[in-house]
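Here's the structure, in structure tokens; my notes come after.
The values are calculated or read from the model by the stated rules, or taken from the named source; none is laboratory data. Here the structure is a predicted model, which is why all the values come from computation and not from measurement. Note that each Cβ is placed from the backbone with ideal geometry, even for glycine, and that neighbours are counted across all protein chains shown. Remember, those area values only see protein heavy atoms, side chains included, never the ligands or the DNA or RNA. Shrake-Rupley method; radii C 1.70, N 1.55, O 1.52, S 1.80 Å.
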Amino acid sequence: MTGTATLETQSLNMSFGSVPIINDVTFTLRPGERRALIGPNGAGKTTFVNLLTGRLHPSSGSVLLNGHDITEVGEARRIRMGIGRTFQITSLFPKLTVRENVFLAVAECEGIASRLFRSAFHHGAQVARVDELVHRVGLGDVANTQAQFLPYGRQRLLEIAIALALRPKILLLDEPAAGIPTAESHVILDIIATLPKEIAVLLIDHDMDLVFRFAQQISVLVQGSILVEGAPRDIAADPRVREVYLGDSKHGLPAAA
Amino acid sequence: MTTIPAPPVAVIAAPSGLARLLQLVPWFVVAGLPLVLPGYEPLAMQVFVMILFALSLDLLVGYAGIVTLGHAGLFGMGAYTAGILSVHGVTDPIVTALAAMVVAALTGLVFGAAMLRTKGLTLLMLTMAAAFLLYEIANKATGLTGGEDGLQGVSFTPVLGLFAFDFRGKTAFFYSLVALFLVFTFVRILINSPFGWSLRGIRENDARMVAIGCPILQRRVVAYVISAALAGLAGALQAQTTQFVALHSLSFELSGNILIMLILGGSGRLYGAFVGVPAFMFAQDLLAKQDPANWFLGQGIILIAMVMLAPGGMLGIAERAMAAIKRRLS
Ligand SMILES: Nc1ncnc2c1ncn2[C@@H]1O[C@H](COP(=O)(O)OP(=O)(O)OP(=O)(O)O)[C@@H](O)[C@H]1O
Ligand SMILES: [Mg+2]
């Protein structure tokens, strides 16, 4: 299997009950891309990620991976096909340690998770990968601490380590920096910088400073529809985008370049 | 019901060779008991069989987070398989025990594949319903099972052709002790394997397991089938050591009791079964003989006390006491 993948949606629609949440979204994420998905609260960003990973099912439209329709493929299989993600609302194994959390993901990714007869921690190569990942996200000092006892910001980092453990070809990061002090949010970018170039990364965040430092391309989602897509410079200058964010000082866009 | 708290997970470290040898000591002590306390073999082997049964349940309740009120269904399938085979001339204990494991595992596969898409209360009800179904089938199929009278005329040839089941229960004592040791060793290896860890992951956060690519239904079914095979073995041992199979072996009462025994000892700790089963059987012996009604009350009180005050069971209490002592000393 090659290391790259293109993820697309075609005319994707989804509603909760009778409330439309995602409207006719056609979207492409190419290998190696560093794309941000921004939009106001409730725009449907998380819902969109859930449609991409198969956690939610669209009412119409399709999701394609390398041109193959995967709309009917279940979530676990899509993950194994290389679509990794983090959760906006931290989702960990609270009573397991940091290493054990990461081990579960490494074990699934490397196909050893259904082995019955050899101690988990005698799988040297996998354990070495676990420790490498734990250190890469800066959790080496709490490697043997239960996830539930980590401060929230560090739980966010563990969330990322779990996603990286899956060797994703496509990485979907849903507000990874939320809960990490702004001054430290650069660690997210540092971690992304360690990834192979050909991995596609989609970053959702409200921190425009982070978004503009990260993104080569930006998609703006408003009320479930793609309002505009383009290079950061063009997005910052776009009057429609500025209107959406107008008066919202917290999420303020940088001055148009 | 899926909220039976998990034990704190210790930092994994392979035990040293000496530690491993020391872990064998209790087994030799128990094996020596008939010398000191002759006459208690029949009681002891009952305890061994129930511990083995509770261990099989711990794999589900304590590790995979699958709480079942129908585990006796699988125990009973094993007991009846061994019993019915022996009545029809297949009397080798090992062969019938293996057959019992296979039948129980297949039963587990069929019910597990059907039930394990659900969880929580729904799953609990389904496990109960499945066991009721088996109970009623055994109750009606009197030609095969003896119905309410139980299966008579069960007997087995000597173990390995060497050790005949004797009146005083010596053979049965060692036979069930060895089986328990093998199963304990197997379960311990299993829970430390990647598979065992993935079960803990499913117990802790099944949605997250899906999102790391785990086929959780398949994983849960495998756990259920393994547990079923072990429960079936416990049933077969019961049939072989008592030379009788009662309808009770499939009953809701047994399903409930084994769950209480496990929770009493502490689930998800591997050793909970070893503590909870003797404690429960001791209490039962003390209270039930005098007044069965009192015993039901006692059972209720045990369960409420455990759930409200000591969710980790007796081992949980011991763990907290040790932690408190450590804090005092340091
Ligand atoms: N399970 C659900 N049932 C009903 N409505 C939902 C559900 N989940 C989300 N919604 C609604 O769908 C809309 C989009 O939610 P979503 O979480 O995708 O937005 P978002 O862009 O990720 O917002 P945020 O920036 O706050 O994370 C919101 O109006 C939300 O109220
Ligand atoms: Mg969101």
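So the values come out like this:
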quantity	calculated
GNM flexibility winner over chain A from A:ALA107, A:ALA178, A:ALA125 (Cα, springs under 10 Å)	A:ALA125
Nearest 10 degrees, 0 to 90: helix A:98-109 Cα axis against chain A principal axis	80
Average accessible area per residue (Å²) across the range B:38-329 - probe 1.4 Å, nucleic acids and ligands excluded	41
Calculated Rg and Dmax of chain A using C-alpha coordinates, Å	18.5, 62
Chain B, accessible surface, carbon-and-sulfur percent (1.4 angstrom probe)	73
Computed over chain B: relative contact order in percent, which uses C-alpha pairs under 8 Å that are six or more apart	31
Delta accessible area of at least 40 Å² on complex formation, residues of the range A:84-112, 1.4 Å probe, chain isolated as reference	A:SER91, A:PHE93, A:LYS95, A:LEU96, A:GLU100, A:LEU104, A:GLU108
Solvent-accessible ranking of B:LEU270, B:LEU126, largest area first, probe 1.4 Å	B:LEU126, B:LEU270
Average projected area [Cα convex hull, the range B:54-172], square nanometres	8.4
Cα-centred dipole magnitude for the protein assembly as shown, charges only on beta-carbon of K, R (+1) and D, E (-1), debye, nearest 20	860
Among B:TYR80, B:TYR40, B:TYR271, residue whose mean-square fluctuation peaks in a GNM of chain B (springs only between Cα atoms under 10 Å)	B:TYR40
Sequence-distant lysines (8 or more away, or on other chains) whose Cα lies within less than 26 Å of A:LYS197	A:LYS45, A:LYS169
Solvent-accessible area buried by B and A, counting both chains, probe 1.4 angstrom, square angstrom	2800
Average accessible area per residue (Å²) across the range A:92-167 - probe 1.4 Å, nucleic acids and ligands excluded	36
